[in-house]
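Encoded as structure tokens, the structure appears first; notes follow it.
The values are calculated or read from the model by the stated rules, or taken from the named source; none is laboratory data. Bear in mind the structure is a predicted one, so any value in this text is a computation, not a measurement. Note that each Cβ is placed from the backbone with ideal geometry, even for glycine, and that neighbours are counted across all protein chains shown. Heads up: the accessible areas ignore ligands, DNA and RNA and are worked out on the full protein's heavy atoms, side chains in. Shrake-Rupley method; radii C 1.70, N 1.55, O 1.52, S 1.80 Å.
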Amino acid sequence: MRLHTEKVKPPRALWVPFELGRPLGAPEDTAFQTGVLRSALDLLERTDGPILEDFPDDAPASSSEDDEGWVCPINLPAPEAERDQDSALLDEIEALRSWYDLAVDRRGRTAVGTSQLEIEDLVRYLSAWARGETPDAGPEENDLPTQLRLACDDFKAYYSEAATAQPGRNGSDPSSNEIADWFWSQTLGGDMLLRLRATLSENENQMVSITGKMLIVPYTESHRQPR
Amino acid sequence: MARMEDMDETLREHLEHLEIPEFPDTPLAKGPPLSERRVAIVTTAGLQRPGDRPFGFGAADYRVIPSDAAGSVQISHLSTNFDRTGFQQDTNVVFPLDRLNELAAEGVIGSVAEFHYSFMGASDPLTMKDAADQIAGLLKQDAVDAVLLTPV
């Protein structure tokens, strides 16, 4: 934040115009990342601080932002009245699995796992909470609000890792906005988290309630309601 | 989108009214040329090694990220209001260790530190002072004379 840096006045700072969460600008773009890094490191040789320089270039845009936009081509199972929500959700997880597995193979890592629950257990754990139950799962050392938050983050990461492994439009990956829009408006998983937000917000444990209100659905999606 | 004007209104208002510590002066140390510096990364992205303790509410402590564990780091930051999909695709967009190693191999910087450190930036930075002082000592022990700070 430029505003915050102006107040703190660190010796040397490079302001970047990229979205929050991407200080080096763009994933899988070595040349662009190196350019940002060099601009920051070059400030070390200057002694006329406090220095606050602006990085001049925007991150390369996803080409899909310039045309019709990214659409997840996988047909996700629709909820049916005669089936329970857990099995519909598990089917959705299964429909995305080959892309998630590919993402893990290609990257050699995954951001899923901070809750130490497998994806099927995440589904059961979170949807039980969304129904108003109080299940217990995961490492004992994690307190309840922490485990709930990590489980939500792992669950969201499973979807976005699967989405970013798919072929993008015109050879570029979907933007973070497109992935968020897909997850929160079109998936059963996003819908379950919206119901979870509502249930947890009413919880008598204040930290669980804060987790529900603030740490599951981002500000940008907070207007959404469960279908 | 670290441009305020591009942000969601609620987030922008939160950031505009965030209490920010101010300091009476700015220390400005001189050092050797960049090509001789040993560089470490200190991030507030809430990074941890897989299986390490996740960051909780108000966490003012840090996690150690050794260079050889950089490829498998995970995020346990509290906030849901920054993009994580970039990090999921490529850790270097937050924690650019591969880029630093390349610059060291090219001779642009002297070397890359053995250990790096992560805080979780949703906590009040003033509560992190003790941990930051410890890290300063650890960095000196590792002969580090340049630190790259990466927020999310």
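For this structure, a couple of remarks:
- Positions within the range A:76-125 being closer than 24 Å to A:THR146 by Cβ, open to solvent by less than 20 Å² (accessible area, probe 1.4 Å) and small (Gly, Ala, Ser), in sequence order: A:ALA111, A:SER115
- Failed item, numbered, when A:ALA13 is tested on (1) open to solvent by 20 Å² or more (accessible area, probe 1.4 Å); (2) part of a strand (DSSP E or B): (1)
- In this structure, B:ARG37 does not qualify as within 10 Å of chain A (Cβ to nearest Cβ), within 17 Å of the chain's Cα centre (by Cα) and at pLDDT 95 or above.
- Tally of residues being among the hydrophobic types (A, V, I, L, M, F, W, C) and in a loop (DSSP other than H, G, I, E, B) across the range A:180-227: 3
- Residues in the range A:1-33 that are in contact (Cβ under 8 Å) with a residue 60 or more places away in the chain and either under 16 Å from B:GLU5 (Cβ atoms) or more than 7 Å from every other protein chain (Cβ to nearest Cβ) (or both): A:GLU19 only.
- Scanning the range B:104-113 for residues that are touching a strand residue (DSSP E or B) at 6+ places or on another chain (Cβ under 8 Å) and either assigned to a helix (DSSP H, G or I) or open to solvent by 40 Å² or more (accessible area, probe 1.4 Å) (or both) returns a single hit, B:ALA104.
- Of the residues screened, B:SER72 is not one that is at the interface with another protein chain (Cβ under 8 Å from one of its Cβ atoms) and open to solvent by less than 20 Å² (accessible area, probe 1.4 Å).
- Residue in the range A:54-65 that is open to solvent by less than 40 Å² (accessible area, probe 1.4 Å) and at pLDDT 95 or above present: yes
- Selection count where residues are open to solvent by less than 70 Å² (accessible area, probe 1.4 Å) and either more than 20 Å from B:ASN92 (Cβ to Cβ) or hydroxyl-bearing (Ser, Thr, Tyr) (or both), scope the range B:18-50: 11
- Restricted to the range B:131-145, and to residues there that are surrounded by fewer than 19 Cβ atoms within 10 Å (Cβ to Cβ) and under 14 Å from the mean Cα position of the chain (by Cα), the residue that is farthest from B:HIS77 (Cα to Cα) is B:ALA136.
- The range B:78-96: number of residues that are more than 7 Å from chain A (Cβ to nearest Cβ) and open to solvent by 10 Å² or more (accessible area, probe 1.4 Å): 2
- Any hit, the range B:116-130, residues being surrounded by fewer than 16 Cβ atoms within 10 Å (Cβ to Cβ) and free of Cβ contacts under 8 Å to residues at least 24 places away in the same chain: yes
- Which listed residue, of A:ALA180, A:ALA163, is crowded, with 17+ Cβ neighbours inside 10 Å, in contact with a Phe, Trp or Tyr (Cβ under 8 Å, 6 or more places away or on another chain) and within 19 Å of A:TRP70 (Cβ to Cβ): A:ALA163
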